[in-house]
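First comes the structure, then the notes that go with it.
The values are calculated or read from the model by the stated rules, or taken from the named source; none is laboratory data. Quick caveat: nothing in here was measured; it's all calculated off a predicted structure. Quick reminder, even Gly has a Cβ in these numbers, built from the backbone with ideal geometry, and neighbours come from all protein chains shown. The protein model used for the area step is the full one, side chains on, heavy atoms only, and it has no ligands, DNA or RNA in it. Shrake-Rupley method; radii C 1.70, N 1.55, O 1.52, S 1.80 Å.
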Amino acid sequence: MEGSSPHLFGRSTVGRFQHDVAQAAAAVADRVRTVRRPYSGASLTDLQGMVDAVDLDRPLGDTDAALDEVAKLYLDNAVWFHEPGYVAHLNCPVALPALSAEVLLAAVNSSVDTYDQSTTGTLIERRLVDWAAGRIGFGPDADGVFTSGGTQSNLHALLLAREASPATDLSRMRILATTETHFSVTQAAILLGLGREAVIAVATDAGGRMDPAALTRTLDDLAAYGLVAIAVVATAGTTDLGCVDPIAEIAESCARRGVWLHVDAAYGCGLLVSTRRRHLLDGIERADSVTVDFHKSFFQPISSSAIIVRHASAMRRMAHHADYLNPRTATVPNQVDKSLQTTRRFDALKLWMTLRTVGAEQLGAMFDRVVDLAEDAHRLLTEDPDFEVAAEPTLSTVLFRYRPAWLDDDACDELTPRLRARLFAGGEAIIAGTTRDGRHWLKFTLLNPMTTTEHLRAVLDLVRETGWALLAEDDTRLATAVV
Ligand SMILES: Cc1ncc(COP(=O)(O)O)c(C=O)c1O
């Protein structure tokens, strides 16, 4: 006799499964159809109260009822990345085929640690790693694995760099990066036992790109002090300025000294499929390892990232073979041999479905579109005397601030974080914030190809109105003036 449970996915519940997935899809579709702003504007206090009021020890017993509850808690107050007013972080609207893939991979629940838990899942992931390696320009010896995100990919890359180094004294190891490098590199240095001081900031040019001459000098200085550079991290798409380090020149320096080159292309990996801007990644094929975040510029649902290495042997060095799971004698491919995770989602299916439906060329065109949009935003801002811009964009971020000509630097600095918080509280536009040289800036991160220049114009008008309103609250004389 066959066992069954009304609560678990199986033969006896497929009807229920179809119903539940359709209801969930209907709930999210309903919100997306009606929502007109990236956020409801609900306060943290209100949301905390709503979440705390749920009694987790008294189940509703019915998915429809739980879905209704969650729709109010979560969907009604979610931050919507497809809304043009969302211009804050490196989040994208997601490719539709990837959502179908999410249903499949969640229901089947494959784990791509071993072949015997995933079969074609493993093979599909490996094909995608090969595909990404090909786009990078690596040869047939390349390898890689999917990860949970850029943070994990960077940690993994630096672990491989440490293991590849002939040095053994952790206290002498250094990682060269810049002040623009993502903080996950410092986190990785701490996790790898090197400490945060092991990350040395190489000087940048005025645009925030690593200065290759400064890199050469720093490498020479380290050698003179008996320190060992175990890796240079070049970034293809820095988080704030979106700039791309001069990879080819950095690669040349690294090759001459035998130093591991890691390229963090978490953000800039979209350039791999761009027909117009691929040249920005020239030299990436000489890297030892590359981070690619498909959940940023390939429009994939979180999580979808990979570390790709030029030589498979680098990954094999850290393999551990457990007799119960992936014995040394295995004759099938087991991805756990090279992953930092054991049980692991079959995230690769989302990218597979997207490539098979949309194709690389369209993905590249979508990434190019957001880079074009950043150029438009930059033009709007430079033409407008009420705004100040930090730098010309390379990818799709733009740093700016609302600063009418009469507002001094300190007052603008005091205003900018308040302005950002006021916008978030209103829910109509969500903009990121950062600091440069001790000053606060607003940041557009544009990863939505459906956003238009007109949308950005409207967001800037809102920034202007909100900024003016805050200034007027501080100085009532302004309240009667015309904006
Ligand atoms: C350049 C860069 N590297 C790495 C990361 C970390 O990626 P994740 O958030 O997927 O861990 C980010 C995140 O924004 C990033 O901008």
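Assorted remarks:
- Sulfur and carbon atoms: percent of accessible area, the chain [1.4 Å]: 53 percent
- Computed across region 180-237, the Kirkwood radius stands at 12.3 Å (inverse of mean 1/r, all Cα pairs).
- DSSP loop trypsin sites (Lys or Arg not before Pro) with at most 15 other Cβ within 10 Å excluded, longest remaining stretch of the chain: 37-275
- Lysine pairs in the chain whose alpha-carbon atoms fall under 26 angstrom of each other, counting only those eight or more residues apart or on distinct chains, come to 4.
- Relative to the current alpha-carbon distance between ALA223 and THR34, full extension at 0.36 nm per residue lengthens the span by 61.9 nm.
- Length-normalised contact order for region 206-294 - Cα pairs under 8 Å, 6+ apart - percent: 29 percent
- Sparse-neighbourhood loop sites, chymotrypsin sites (Phe, Trp or Tyr not before Pro) in region 288-380 - DSSP loop, at most 14 other Cβ within 10 angstrom: TYR324
- Positive-pole candidate from LEU407, THR453, SER396, dipole of region 362-479, charges at beta carbon: SER396
- Pairwise Cα inverse-distance average, inverted: Kirkwood Rh of region 362-479 (Å): 14.7 Å
- Mean separation of Cα contacts under 8 Å, 6 or more apart, over the residue count of region 111-358: relative contact order %: 29 percent
- Per residue, the convex hull volume that the Cα atoms of region 110-248 enclose (Å³): 137 Å³
- Where VAL290, VAL32 fall by accessible area, highest first, once all protein chains stay in place (1.4 Å): VAL32, VAL290
- Contact order relative to length of the chain, as percent, for alpha carbon pairs under 8 angstrom and 6 or more apart: 20 percent
- Computed FRET value (nearest 0.05) for LEU123 with THR476, which takes r as the C-beta separation and R₀ as 60 Å: 0.30
- Above 33 Å, the calculated P(r) of region 111-358 contains 16 percent of its Cα-Cα pairs.
- With semi-axes defined as the square roots of five times the eigenvalues of the C-alpha gyration tensor, the equivalent ellipsoid of the chain measures 37, 35, 20 Å, largest first.
- Simple Cβ-charge dipole of the chain, Lys/Arg +1 and Asp/Glu -1, about Cα centre, in debye nearest 20: 1240 debye
- Computed E for ALA214/ALA107 - FRET, C-beta separation, R0 51 angstrom, nearest 0.05: 0.45
- Accessible area (Å², 1.4 Å probe, nearest 10) - PHE17: 60 Å²
- Within the chain, DSSP assigns beta bridges of which about 55% are antiparallel (rounded to the nearest 5).
- Ligands, DNA and RNA are left out, and with a 1.4 angstrom probe the accessible area of the chain is 47 Å² per residue.
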